[in-house]
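The next block holds one structure in the form of structure tokens; read it before the comments.
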Amino acid sequence: MTAEMAAFMEKGYAKLALQAMYRKREELAEKGQKVFGLVLGLLSADSKAALRAMPGYAELDKERRDAKGLLNLVVETHLTRGSHSTLVNLQYSMEQYEELRALTDESVIKFRGRFDAALTTMRVVGETTGDQ
């Protein structure tokens with residue numbers, strides 16, 4: 001095989017790889033829109049109203065692709081004060097974490113769920129946690 005033939009084949013493989021990458025990117029964007037719509041569809045009217053009042057929702061709603069950003073905003077809205085001030089949300093999430101105690105009749109699994117929710121809330125509002 002000549003050097004020209006090898007170069008031609010390399011270009012062909014690179015072209016196929018680029019096409020596959022763009023196809024996958026389009027598929028992921030489409031799936032992101034579906035997940036965004038699914039999450040939004042599961043929310044109640046009150047939750048949607050609370051989300052609309054949050055800063056950053058208008059940008060998320062415009063593109064409707066960032067499902068992870070929407071989930072973070074849902075967590076911030078429902079597990080914090082839902083304030084426009086990040087400092088107030090941060091302070092509230094820290095207070096909730098500090099007050100977190102296992103109840104006497106609570107199973108470990110239920111406590112773990114509340115603990116994970118508190119950590120998730122802290123991460124969403126920008127507080128560092130020990131597991132990062």
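When 59, 26, 95, 76 are checked against the criterion of being modelled with pLDDT of 85 or more, closer than 27 Å to residue 129 by Cα and among the acidic types (Asp, Glu), a single residue qualifies: 95. Looking only at residues in region 49-62 that are surrounded by 13 or more Cβ atoms within 10 Å (Cβ to Cβ) and part of a helix (DSSP H, G or I), the one that is nearest to the chain's Cα centre (by Cα) is 60.
Filtered by the rule that a residue be surrounded by 15 or more Cβ atoms within 10 Å (Cβ to Cβ) and out of contact with any helix residue (DSSP H, G or I) (no Cβ under 9 Å at 6 or more places or on another chain), region 63-104 gives a lone residue, 91.
Among the residues of region 23-44, are any of a type outside the set (Val, Ile, Thr), surrounded by 10 or more Cβ atoms within 10 Å (Cβ to Cβ) and farther than 19 Å from residue 67 by Cα? Yes, region 23-44 contains a residue that is of a type outside the set (Val, Ile, Thr), surrounded by 10 or more Cβ atoms within 10 Å (Cβ to Cβ) and farther than 19 Å from residue 67 by Cα.
Scanning region 1-23 for residues that are of a type outside the set (Gly, Ala, Ser), modelled with pLDDT under 80 and part of a helix (DSSP H, G or I) yields 4, 5, 8, 9.
The values are calculated or read from the model by the stated rules, or taken from the named source; none is laboratory data. Computed from a predicted structure; not experimentally measured. Methodologically, a virtual Cβ is constructed for each residue, glycine included, from the backbone with ideal geometry; neighbour enumeration extends over all protein chains shown.
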